[in-house]
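What follows is a single structure, written as C-alpha cells, with notes after it.
The values are calculated or read from the model by the stated rules, or taken from the named source; none is laboratory data. Treat the numbers as computed from the prediction; the structure is a model and nothing was measured. Positions of Cβ are generated from backbone atoms using ideal geometry, with glycine treated the same way; all protein chains shown enter the neighbour counts.
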Amino acid sequence: MPELPEVETTVAGLRAVLEGETMVRAEARRADLRWPIPVDLRQRLTGAKVESLGRRAKYGLIHTDRQDTLIFHLGMSGRWRVDPESIEKHDHFILETASGRRVALNDPRRFGSLDIIDSDRLDSYRFFETMGPEPLSEAFDAQVLHGVLQGRKTPIKAMLLNQNIVAGLGNIYVCEALHMAGISPVAIAGSISRTRLERLVVAIKQVLIAAIAAGGSTLRDFAAPDGALGYFAKDWRVYGREGELCVCGAPVLRRVDSGRSIFYCAKCQR
Ligand SMILES: [Zn+2]
C-alpha cells in the first residue's frame, strides 16, 4: 500500500510530464473508483493548463489554471502509468497533454479515488478539514506532538496512525520511526517524555526523507517497459523482519493490533 513517500515520488513523476502542459483529453473509463468519479471532471480538465502539482498526506494534487485541483488517492493498488503503449483493463482514468504525453491511473482493486475541487477550498475538502500537520513541515515538532498527546492513554503507535494527530503516516514508517527513536509501539502516548518525543519527531522526518530519496533514485530509472511509477523496495530496520536479528542482536518481534502487524525490538524499544 503506497504511503507518503510513494505518493511524493508519484507526484514528482507526474510533475515531469504534466507541469506547464495543457490537457487535451481527460477521460474516466468508469463511473467510480472507491466512490463516484465527479461527472464534470472531463469538462473541468479538458483545455486546462496544469500549473503545479503537490501532495497533502497521501493525496496527490494537480492544480490547474482554472483554479481547480484534481485530488487523487492511490488506495491499495493504484499507480500512474506514464506514456503507456496501450490502455489496459485497469487504466480507469487517462490524461493526455497537448504535447502528446499520456498518463493513466491504473487501480485493479479500485480503493483509490478521484475528486475535483475549487483550489481555494482545498482546506475544506472533507478529508483535509481535520487533518493534522504534514510530518515534514515545520508545523510538526515535539512541542506540537507533546501538546496533542497530553492525557492520551492510547498506545503511541495508534496515535501516530491517527491522521488528525499527524497527516500521512502509515504502518511501515511508524514501525520504522518508533524503532529508530527507541520507543515501544505500545508505550502510552501521554506518558512519553518531551525529550523522547523530540527523538521521535526527528526519526519520523528521517525515515520519510530517506524513503523519498530512495524513491527519487527509483524514479530516475523508472523507465520500466510500461513506464510505470512503481513502489520501491527498502531495507527496513524492523518492518516485515519478524524473527530476524535487530542491529542489537535481539530478534525482531511481531504482534497484531487492530488487524495491523507491529514489528519491533523489545530490547531497543521501551
Ligand atoms: Zn534491538
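Quick look at the values:
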| read-out | value |
| --- | --- |
| Extreme residue, farthest from Val166 (Cα to Cα), among residues of the range 44-62 that are in a strand (DSSP E or B) and among the basic types (Lys, Arg) | Lys49 |
| Failed item, numbered, when Trp236 is tested on (1) within 16 Å of the ligand (Cβ to nearest atom); (2) at pLDDT below 95; (3) not in a loop (DSSP other than H, G, I, E, B) | (3) |
| Given (1) in a loop (DSSP other than H, G, I, E, B); (2) under 23 Å from the mean Cα position of the chain (by Cα), number of the condition Glu88 does not satisfy | (2) |
| Unique residue being of a type in the set (Gly, Ala, Ser) and more than 19 Å from Arg255 (Cβ to Cβ) when the list is Gly170, Gly182, Gly151 | Gly151 |
| All positions within the range 243-259 that are within 14 Å of the ligand (Cβ to nearest atom) and of a type in the set (A, V, I, L, M, F, W, C) | Leu245, Cys246, Val247, Cys248, Ala250, Val252, Leu253 |
| Unique match (being buried (at least 18 other Cβ atoms within 10 Å of the Cβ), within 23 Å of the chain's Cα centre (by Cα) and modelled with pLDDT of 95 or more) among Leu14, Leu4, Leu74, Leu61 | Leu61 |
| The range 177-219, subset closer than 18 Å to Ala57 by Cα and out of contact with any helix residue (DSSP H, G or I) (no Cβ under 8 Å at 6 or more places or on another chain), residue farthest from the ligand (Cβ to nearest atom) | Ala213 |
| In the range 162-180, the residues that are in contact (Cβ under 8 Å) with a residue 40 or more places away in the chain and either in contact with an Asp or Glu (Cβ under 9 Å, 6 or more places away or on another chain) or surrounded by fewer than 19 Cβ atoms within 10 Å (Cβ to Cβ) (or both) | Gln163, Ala167, Gly168, Leu169, Gly170, Asn171, Ile172, Tyr173 |
